[in-house]
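To start, the structure itself, in structure tokens.
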Amino acid sequence: MRIESETVQATSQDAPVVQNMIQLENVSVEYRIPTERIGTLKEFMIRYLQRRVGFRKFRALDNVSLSIHKGEVFGIVGNNGAGKSTMLKVISRVLRPTLGRIVTYGKIAPLLELGAGFHPELSGRENVYLNGALLGYSREDMDRVFDEIVSFAELEPFIDSPIRTYSSGMYARLGFAVATAHFPEILIVDEILSVGDEAFQKKCNDRMIGFRQQGATVLIVSHALDRLQDMCDRIAWLDHGKLQLVGQPGQVIEAYRQEMH
Amino acid sequence: MNSVSGTVYDSAKQISPAFSEVRELRNYRYLLAQLVRRDIVTRYKRSVLGVAWTMLNPLGTMLILALVFSQLFKTVESYPVYILSGLIAWNFFSQGTNAAMSGLVWGGSMLQRIYIPRTIFGVSAIGTALVNLLISIVPLILVMLFTRTPIPWTVVFLPVSILLLTGFALGFGLFISSLAVYFPDVAEMYQIVLFAWMYLTPVIYPENIIPEKWLSIYRLNPMNAMLKMFRIPIYEGRIPTGPEILPALLWALGMLIFGWFFFTSKTDEYAYRV
């Protein structure tokens with residue numbers, strides 16, 4: 001097994017044209033998990049006084065160094081629990097690295113579970129603004145793209161109805177439209193999306209390809225290895241929180257598959 | 001090296017979370033407004049009378065309490081105004097802190113997916129309670145007009161009272177909500193605590209029924225000092241004196257700083273705890 005260690009310096013020296021969008025320098029993420037589940041405050045107090053509160057440390061990411069370049073479609077593969085989601089969370093600022101350093105350049109749009117922040121009683125219109133705000137946009141940002149969102153999601157007649165009346169397809173379409181309404185410098189995709197019918201899926205795909213052509217950096221985590229191989233410029237393989245291999249899609253996926261069998 | 005426009009995030013450059021949180025909250029002020037709006041609008045969305053319930057709720061409670069207790073506390077002059085001036089402050093506190101707690105638990109699923117300033121659910125909960133407090137001043141005025149109680153000029157002090165209570169409630173709300181992240185039963189326990197706390201605070205009874213020997217303990221209750229900030233200008237018709245303001249101010253500042261630092265010192269863990 002070959003471990004390719006990429007350092008930031010090396011990349012920038014070898015190819016000065018390449019611009020890093022995401023830099024991970026010796027990043028480790030440790031979860032502090034109580035050895036026993038303590039459900040109540042009372043129990044905690046008693047155990048704390050008895051000095052019986054133990055924590056187990058679990059390393060979800062272990063000393064990962066990696067840089068992802070501008071305009072690249074970068075895939076991450078690995079078994080369940082290998083640290084893929086943790087890596088996305090560190091990059092999207094949901095988690096802070098316990099050790100090491102992460103730097104990201106540019107606006108990050110996470111495409112994770114679309115429409116997670118929707119409120120069923122609010123109308124589609126209100127939810128567009130609420131969801132946009134959750135993604136960090138201002139009212140003016142959302143005013144600018146509102147019509148575009150509605151037409152992309154094909155929801156013109158329903159935009160003022162409460163979202164609880166929407167079908168799950170409409171829900172996901174609106175979620176995707178909001179999440180991708182602004183050009184993201186870094187787009188994070190957790191599992192390749194299957195939103196709505198085939199026609200809409202094609203629209204989603206076209207939009208992502210469009211982003212890529214405009215120079216967006218795309219980060220994809222997936223178990224669909226064949227599709228990853230087609231889409232990505234480079235792939236990283238994570239195993240038990242450690243970076244096993246980074247490189248050409250064909251090469252990495254083959255090595256990963258071999259290890260699996 | 002990088003000339004990319006927009007936001008650069010460097011995990012190594014983060015200053016103390018208690019301070020960076022303030023800056024992040026400012027960046028997300030539109031979300032704050034949206035969350036407050038959502039909570040106000042959706043609370044009574046399916047009801048016929050809608051937002052009117054924000055006024056009808058305290059009015060109803062007040063009428064019942066006034067009817068029940070006015071016989072008991074006959075000595076208290078214009079009892080409805082006495083109770084309502086305490087009740088709006090108490091409701092603000094209990095609503096706000098409760099919503100801060102449930103807001104963080106709801107928001108937990110969001111915190112695991114995308115970056116949002118962690119304090120935003122607590123701050124928006126207090127913001128919602130603040131809007132409700134302002135709305136509930138309407139029934140208070142109605143009651144004062146109805147009972148022919150003159151509205152004293154000293155109500156101009158109320159913005160200060162509200163500010164003090166907001167600081168106290170925000171600090172306490174953040175503290176209790178970070179406890180609830182670690183211990184889910186805190187949410188249930190807090191309902192009982194609030195219930196007991198209300199009866200330990202002179203919301204519905206006059207202060208003078210407290211026996212002399214308990215007074216020193218009774219004075220330790222911060223909500224007592226807070227309620228005075230409302231009752232003195234509304235009910236007694238005077239501006240609170242310095243010695244009356246001081247405990248309220250100290251509690252407000254102390255709780256706000258404690259709650260803010262307590263909450264933000266744990267924020268890195270929320271994403272995998274909630």
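The values are calculated or read from the model by the stated rules, or taken from the named source; none is laboratory data. These numbers come from a predicted model, not from an experiment. Positions of Cβ are backbone-derived with ideal geometry, glycine not excepted, and every protein chain shown enters the neighbour counts.
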Open item on the list: Which condition from (1) more than 15 Å from the chain's Cα centre (by Cα); (2) in a helix (DSSP H, G or I); (3) surrounded by 17 or more Cβ atoms within 10 Å (Cβ to Cβ) is the one that B:Val138 breaks?
Closed with: (3)
TODO: Working only within the range A:161-180, note down all residues that are assigned to a helix (DSSP H, G or I) and surrounded by fewer than 19 Cβ atoms within 10 Å (Cβ to Cβ).
DONE: A:Arg164, A:Thr165, A:Ser168, A:Gly169
TODO: Residues being within 7 Å of another protein chain (Cβ to nearest Cβ) and either assigned to a helix (DSSP H, G or I) or at pLDDT 65 or above (or both): count how many of those fall in the range B:1-18.
DONE: 6
Task: Hey, B:Ile83 within 14 Å of chain A (Cβ to nearest Cβ), part of a helix (DSSP H, G or I) and touching a helix residue (DSSP H, G or I) at 6+ places or on another chain (Cβ under 8 Å) or not - done: no
Open item on the list: If a residue must be facing chain B (nearest Cβ under 9 Å), surrounded by fewer than 23 Cβ atoms within 10 Å (Cβ to Cβ), in a strand (DSSP E or B) and not β-branched (Val, Ile, Thr), how many such residues does the range A:79-109 contain?
Closed with: 2
Open item on the list: Anything in the range A:196-211 that is in a helix (DSSP H, G or I) and touching a residue at least 12 places away in the same chain (Cβ under 8 Å)? List them, or say none.
Closed with: A:Phe200, A:Lys203, A:Cys204, A:Arg207, A:Met208, A:Phe211
TODO: Could you please find all residues in the range A:110-123 being at negative phi and facing another protein chain (nearest Cβ under 8 Å)?
DONE: A:Pro110, A:Leu112, A:Ala116, A:Gly117, A:His119, A:Glu121, A:Leu122
Open item on the list: Condition first: without any contact (Cβ under 8 Å) to a residue 40 or more places away in the chain and under 19 Å from the mean Cα position of the chain (by Cα). Now tell me which residues in the range B:18-33 satisfy that.
Closed with: B:Ala33
TODO: For the range B:52-66, indicate whether the set of residues that are crowded, with 16+ Cβ neighbours inside 10 Å, hydroxyl-bearing (Ser, Thr, Tyr), in contact with a Ser or Thr (Cβ under 9 Å, 6 or more places away or on another chain) and more than 9 Å from chain A (Cβ to nearest Cβ) is non-empty.
DONE: yes
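Report yes if A:Glu126 is surrounded by fewer than 18 Cβ atoms within 10 Å (Cβ to Cβ), more than 11 Å from the chain's Cα centre (by Cα), more than 7 Å from chain B (Cβ to nearest Cβ) and part of a helix (DSSP H, G or I), otherwise no.
No: the conditions fail for A:Glu126.
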TODO: Please specify each residue of the range B:254-274 satisfying the condition of being at pLDDT 95 or above and within 14 Å of B:Gly108 (Cβ to Cβ).
DONE: none
Open item on the list: For the condition touching a residue at least 24 places away in the same chain (Cβ under 8 Å), in a helix (DSSP H, G or I) and either of a type outside the set (A, V, I, L, M, F, W, C) or in contact with a Phe, Trp or Tyr (Cβ under 9 Å, 6 or more places away or on another chain) (or both), what is the one hit in B:Gly60, B:Gly107?
Closed with: B:Gly107
Open item on the list: Considering only residues that are under 22 Å from B:Leu31 (Cα atoms) and in a loop (DSSP other than H, G, I, E, B), which ones fall in the range A:129-160?
Closed with: A:Leu135, A:Gly136, A:Tyr137, A:Ser138, A:Ile159, A:Asp160
- [ ] State whether one or more residues within the range A:71-78 are within 11 Å of chain B (Cβ to nearest Cβ) and under 14 Å from the mean Cα position of the chain (by Cα).
- [x] no
- [ ] Please work out if A:Asp190 is touching a strand residue (DSSP E or B) at 6+ places or on another chain (Cβ under 9 Å), within 30 Å of A:Arg59 (Cβ to Cβ) and not aromatic (Phe, Trp, Tyr).
- [x] yes
